[in-house]
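Notes to accompany the following structure.
The values are calculated or read from the model by the stated rules, or taken from the named source; none is laboratory data. Given the structure is predicted, the values throughout are model-derived calculations rather than measurements. For neighbour counting, all protein chains shown are included, and Cβ atoms are generated from backbone atoms with ideal geometry for every residue, glycine included.
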Amino acid sequence: MILNKPPGMPVQPDQSGDANLLTAAQAYCKRSLHVLTRLDRPASGLVLMSKTSKAHRHFHELQSNHTLTRKYWAITAERPEIDQQKVTGYIQRTRGNRSVWVSEPTDPAAEEASLRYAILEASDRYFLWEIELFTGRHHQIRAFLQQLNCPIRGDVKYGYRRSNPQHHIQLHAREMQFDDLDGSSRQVIIAPTPADTIWSVFSINQSK
């Protein structure tokens, strides 16, 4: 089961007690579900859940075989020095696990993280990124873009100068590609961006 999470909604129940995606999906399906992909509360986009243990196992096989493709869109006010490249580094959680920072590989608590990005389009003020994940570390995209001096719009936790209304950030889980359960076909799922004016300034978003 694949859902398009709105920004600001937690994927699972948390201390806030706010409405969350998992509880809403289980009420709709009238059955228990398992969350397979994480997505930060202020971000939007695709979240994958499983209805059966078979689907759960299949997903973990996709991850192990590196055949699950995950692509994100992000908006920044800064342009990187290089418009497209693969980035590999090490990140470490801060005390309390509320955020991460890019650290040295010699640190025993550091975890390797890797992604590829490309600048898809530029407007008068902003840049639209496409980011493909190769690892699924906590806050990986947000920390790497901060390290590149290109924090995500609205993401004050990772260096952006001011927050958006309702503390949303312009990070969107845009696309997933994976083989279906019997391996007969490759599924490509694309999530529309939120109904937010900032996304509509890019022509590529209007054509897809």
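So residue 141 ticks every box in (1) in contact (Cβ under 8 Å) with a residue 60 or more places away in the chain; (2) buried (at least 19 other Cβ atoms within 10 Å of the Cβ); (3) touching a helix residue (DSSP H, G or I) at 6+ places or on another chain (Cβ under 7 Å) but one. Which box is left unticked? So residue 141 meets the others, but not (3). Just one of the listed residues (107, 124) is of a type outside the set (S, T, N, Q), more than 30 Å from residue 203 (Cα to Cα) and part of a loop (DSSP other than H, G, I, E, B), namely 107. Exactly one residue among 83, 40 is under 30 Å from residue 153 (Cα atoms) and either in contact with a helix residue (DSSP H, G or I) (Cβ under 7 Å, 6 or more places away or on another chain) or buried (at least 17 other Cβ atoms within 10 Å of the Cβ) (or both), and that residue is 40. Of everything in the stretch 147-166 that is touching a residue at least 24 places away in the same chain (Cβ under 8 Å) and in a helix (DSSP H, G or I), the residue that is farthest from residue 116 (Cα to Cα) is 166. Mind checking whether some residue in the stretch 46-61 is touching an Asp or Glu at 6+ places or on another chain (Cβ under 9 Å) and buried (at least 18 other Cβ atoms within 10 Å of the Cβ)? Scanning the stretch 46-61, I find at least one residue that is touching an Asp or Glu at 6+ places or on another chain (Cβ under 9 Å) and buried (at least 18 other Cβ atoms within 10 Å of the Cβ), so the answer is yes. Kindly evaluate residue 80 against the criterion of being part of a loop (DSSP other than H, G, I, E, B), over 17 Å from the mean Cα position of the chain (by Cα) and in contact (Cβ under 8 Å) with a residue 24 or more places away in the chain. Yes; evaluated as a whole, the condition is true for this residue.
Among the residues of the stretch 10-20, is there at least one that is at pLDDT 95 or above and farther than 26 Å from residue 153 by Cα? No, the stretch 10-20 contains no residue that is at pLDDT 95 or above and farther than 26 Å from residue 153 by Cα. Being in contact (Cβ under 8 Å) with a residue 60 or more places away in the chain, in a strand (DSSP E or B) and under 26 Å from residue 81 (Cβ atoms) holds for only one residue in 119, 169, 131, and it is 131.
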